[in-house]
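S.K.: Once you've had a glance at the structure underneath, I'll fire off some questions.
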Amino acid sequence: MKEEYLKSVQTMDDIIKTSYACIGGEPGEPRDWDFYRFLFHPEGKLISYENDSNGNMRPQFLSCNEYIERIGKWMETTRKTGFYEREIGRVEETYGNIAHVVSTCESFHSKEDMAAGKSYVRNVHSIQLAYYQERWWILSMYWQRATPEFPIPERYLKF
């Protein structure tokens with residue numbers, strides 16, 4: 001195990017920032033999926049809210065490995081633009097060794113767009129974490145895209 005992996009899971013701030021950074025890159029650029037897997041508990045889930053074939057919103061549950069195989073490989077091989085995310089707000093609730101974080105982020109097609117603040121979408125992530133074995137683990141990461149129907153509340157746009 002790489003020392004940088006362990007450093008990235010000592011604080012909630014580090015693990016959340018690392019989760020966004022791990023999936024970023026240009027088309028065709030490999031991501032460090034071993035590092036990404038390391039952030040998640042082995043039973044952890046990634047859950048996106050999206051439209052089903054009838055146009056109804058529904059959650060889609062994926063393990064970390066399923067996410068990498070379906071979405072991760074698509075980002076590396078099929079996507080025509082880069083993909084980068086940056087956190088723009090956070091609300092944390094912690095009790096003992098459990099935590100819930102609402103993390104708002106914006107997504108960009110390139111590093112240049114990110115530097116210029118030209119995001120193409122914003123998402124709100126609900127992230128559940130547990131601290132044990134001397135580190136934080138992501139238990140679940142659940143997100144929904146901001147839309148006119150579901151605008152982001154102001155309290156989610158602050159640190």
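The values are calculated or read from the model by the stated rules, or taken from the named source; none is laboratory data. What you see is a predicted model; the values in this text were computed from it and never measured. With ideal geometry, Cβ positions are generated from the backbone for all residues, glycine too; neighbour counts draw on all protein chains shown. Heavy atoms of the whole protein, side chains included, go into the accessibility calculation; ligands, DNA and RNA do not. Shrake-Rupley method; radii C 1.70, N 1.55, O 1.52, S 1.80 Å.
S.K.: Between E87, E149, E112, E69, which is among the charged types (D, E, K, R), open to solvent by 90 Å² or more (accessible area, probe 1.4 Å) and not in a helix (DSSP H, G or I)? Even if it seems obvious, please write down each step before you answer.
M.R.: Working: E87 fails: open to solvent by 90 Å² or more (accessible area, probe 1.4 Å); E112 fails: not in a helix (DSSP H, G or I); E69 fails: not in a helix (DSSP H, G or I).
Criteria check complete, one pass: E149.
S.K.: Quick check on my filter: what residues within the stretch 55-110 are of a type in the set (S, T, Y), under 15 Å from Y36 (Cα atoms) and in contact (Cβ under 8 Å) with a residue 60 or more places away in the chain?
M.R.: Kept after step one, since they are of a type in the set (S, T, Y), are these residues of the stretch 55-110: 63, 67, 77-78, 81, 84, 94-95, 103-104, 107, 110.
Still in the running and under 15 Å from Y36 (Cα atoms): 63, 67, 84.
Listed by number, the list holds a single entry, Y84.
S.K.: Taking into account only those residues within the stretch 143-159 that are in contact with a strand residue (DSSP E or B) (Cβ under 6 Å, 6 or more places away or on another chain) and not hydrophobic (A, V, I, L, M, F, W, C), which is nearest to S48 (Cα to Cα)?
M.R.: This residue is Q144.
S.K.: What tally of residues in the stretch 29-46 results from selecting those that are open to solvent by 60 Å² or more (accessible area, probe 1.4 Å) and in contact with a Lys or Arg (Cβ under 9 Å, 6 or more places away or on another chain)?
M.R.: Restricting attention to the stretch 29-46, the residues satisfying the condition of being open to solvent by 60 Å² or more (accessible area, probe 1.4 Å) are 29-30, 34, 37, 42-43, 45.
Then drop every residue that is not in contact with a Lys or Arg (Cβ under 9 Å, 6 or more places away or on another chain), which leaves 34.
Of the residues in that region, 1 qualify.
S.K.: Please work out which residue is nearest to L39 (Cα to Cα), limiting yourself to the stretch 130-146 and to residues that are aromatic (F, W, Y) and open to solvent by less than 40 Å² (accessible area, probe 1.4 Å). Please lay out each step first, then the result.
M.R.: Taking the stretch 130-146 as the starting set, the residues that turn out to be aromatic (F, W, Y) are 131-132, 136-137, 142-143.
Subsequent filtering for residues that are open to solvent by less than 40 Å² (accessible area, probe 1.4 Å) retains 136-137.
On the way: W136: 8, W137: 6 Å.
Across the stretch 130-146, the extreme among qualifying residues is W137.
S.K.: Just the residues that are under 19 Å from Q128 (Cα atoms) and either open to solvent by less than 90 Å² (accessible area, probe 1.4 Å) or among the polar types (S, T, N, Q) (or both), please, taken from the stretch 47-65. Step through it out loud before you land on a result.
M.R.: Keep residues of the stretch 47-65 that are under 19 Å from Q128 (Cα atoms), which gives 47-49, 59-65.
Within the stretch 47-65, I47, S48, Y49, P59, Q60, L62, S63, C64, N65 qualify.
S.K.: When only residues in the stretch 40-55 that are small (G, A, S) and in a strand (DSSP E or B) count, which is farthest from S19 (Cα to Cα)? Outline the logic, then answer.
M.R.: Step one: list which residues in the stretch 40-55 are small (G, A, S), which gives 44, 48, 53, 55.
Right, trim to in a strand (DSSP E or B) and you get 44, 48.
Numbers: G44: 13, S48: 15 Å.
Ranking the qualifying residues of the stretch 40-55, first place goes to S48.
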